[in-house]
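First up is the structure itself, then whatever we jot down about it.
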Amino acid sequence: MAGKAEERKQQLIKAAFEAATDKGYEHVTLQDIADYAEVSKGVPNYYFKNKGDVFAHLFEWLTERIFENESAAVDQVETAPEKLQAYLDQVFISPEENRTFYQLYLDFLARIKQDPAYQKINAAFYEHCFSIGRMIVEQGVRDGDFHVHDVEQTAVMIRAMIDGTLLQWLTRQEEDLHGWYRTSCHQGILRLVGAQ
């Protein structure tokens, strides 16, 4: 029974993602989520407290999936410069996926101040991001590929550069600049870590 309930929750979470992608967070209702999941109106209320609860679960699912994909990409290569490249290739996955995530993420950020559950999810997401950066930088310093004085600060700034770059790309609304921003972000991070 627990397996079936979890399956239904995942169905609703994915439906919320599709509805928010099409309509934006503000315009999505529980009825929309039920419609996208092709279930009756009362089903979302059975599994979630309210719309905010559905979206909290959505962002937890989405950010965990992103972390898993980024970690898997980094684990497939050996050297720190290769890991950095793999990380950035996974982060800058495609214009479509980056636009979808960051548009939803901006909606999510607008609600963080009012909702402790959202704050917790966001903190976990960034700790995951920092852990990837930290691991890459530590290996790079150990192997002599990178030259930094403060690993923790560098790990934090790597993610700040990534998010800042993608947000600027998003606001310019020019799809074909995606590759340019990815390359520019990579070059900036290489300077940050003192790569040879």
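The values are calculated or read from the model by the stated rules, or taken from the named source; none is laboratory data. Just so it is clear, the model here is predicted, and its values are computed rather than measured. In this analysis, Cβ positions are derived from the backbone assuming ideal geometry, glycine residues included, and neighbour counts consider all displayed protein chains. Side chains included, ligands, DNA and RNA excluded: accessible areas come from the protein's heavy atoms. Shrake-Rupley method; radii C 1.70, N 1.55, O 1.52, S 1.80 Å.
Rounded to the nearest whole Hz, the Karplus-based 3J(HN,Hα) values (6.51 cos²θ - 1.76 cosθ + 1.60, θ = phi - 60°) of segment 95-108 follow the sequence x, 5, 5, 5, 4, 4, 5, 5, 5, 5, 5, 5, 4, 4, with x at glycine and proline. Considering only ASP22, ASP163, ASP89, the Gaussian network model of the chain with Cα springs below 10 Å gives its largest mean-square fluctuation to ASP22.
Here segment 1-74 and segment 83-112 have alpha carbon centers that stand 18 Å from each other.
Among ILE112, GLN173, ALA56, whose Cα sits farthest toward the positive end of the charge dipole of segment 56-192 (+1 at Cβ of Lys/Arg, -1 at Cβ of Asp/Glu, about the Cα centre)? Towards the positive end, the residue furthest out is ILE112.
Just so you know, the Rg over Rh for segment 1-48 is 0.98, from Cα atoms, with Rh as the Kirkwood radius. A DSSP coil position with no more than 11 other Cβ atoms inside 10 Å describes the following GluC sites (Glu not before Pro) in segment 34-75: GLU38.
Please give me the summed charge of the neighbours of GLU68: other residues whose Cβ is under 13 Å from its Cβ, Lys and Arg +1, Asp and Glu -1.
-3
Net charge dipole, the chain: roughly 580 debye, given to the nearest 20, about the Cα centre with Cβ charges of +1 for Lys and Arg and -1 for Asp and Glu. Across segment 83-105, the residues whose backbone nitrogen lies under 19 Å from the label position 7 Å along the beta-carbon direction of ARG142 are 83-87. Shown here for segment 86-138: chymotrypsin sites (Phe, Trp or Tyr not before Pro) in loop regions (DSSP other than H, G, I, E, B) with at most 12 other Cβ atoms within 10 Å, of which there are none.
On the principal axes of its alpha-carbon atoms, the chain has extents of 59, 39, 31 Å, going from largest to smallest.
Extension gain for LYS41-SER94 works out to 15.7 nm (0.36 nm per residue, less the C-alpha to C-alpha distance). Name all residues of segment 159-174 having a backbone nitrogen under 20 Å from the label point set 7 Å from the Cα of SER71 along its Cα→Cβ direction, giving them as ranges. From segment 159-174, the list is 159-160. Coupling constants for segment 13-28 follow from the phi torsions by the Karplus curve (6.51 cos²θ - 1.76 cosθ + 1.60, θ = phi - 60°), and in residue order they are 5, 5, 5, 4, 4, 5, 5, 5, 5, 6, 10, x, 3, 4, 8, 7 Hz; glycine and proline get x. Multiplying the residue separation of ARG111 and GLU175 by 0.36 nm and removing their Cα-Cα distance gives an extension gain of 20.3 nm. Packing, taken as the mean count of other beta carbons within 10 Å per residue, orders the peptides 41-52, 25-36 from highest to lowest as 25-36, 41-52. For segment 77-117, the set of trypsin sites (Lys or Arg not before Pro) satisfying both a DSSP loop assignment and a count of at most 10 other C-beta atoms within 10 Å is given as LYS113.
With all protein chains kept in place, the per residue accessible area of the chain amounts to 54 square angstrom at a probe of 1.4 angstrom.
Counting only protein heavy atoms and a 1.4 Å probe, tell me what percentage of segment 1-40's accessible area is made up of carbon and sulfur.
50 percent
Dipole orientation for the chain: of the candidates ASN122, VAL141, ILE93, ASN122 has the Cα lying most toward the positive pole (charges on Cβ; Lys, Arg +1; Asp, Glu -1). Taking the Cα centre of segment 1-48 as origin and assigning +1 to Lys and Arg Cβ atoms and -1 to Asp and Glu Cβ atoms, the resulting dipole is close to 200 debye. Across segment 43-60, computed HN-Hα scalar couplings (Karplus, 6.51 cos²θ - 1.76 cosθ + 1.60, θ = phi - 60°) run 4, x, 5, 6, 9, 9, 5, 6, 4, x, 5, 4, 6, 4, 5, 4, 6, 5 Hz from first to last residue, x flagging Gly and Pro.
Counting only residues at least eight positions apart within a chain, or on another chain, the lysines with an alpha carbon under 17 Å from that of LYS51 are LYS9, LYS14, LYS23, LYS41, LYS113. Note on the chain: GNM, Cα springs under 10 Å; of ALA37, ALA155, ALA110, the largest mean-square fluctuation is that of ALA110.
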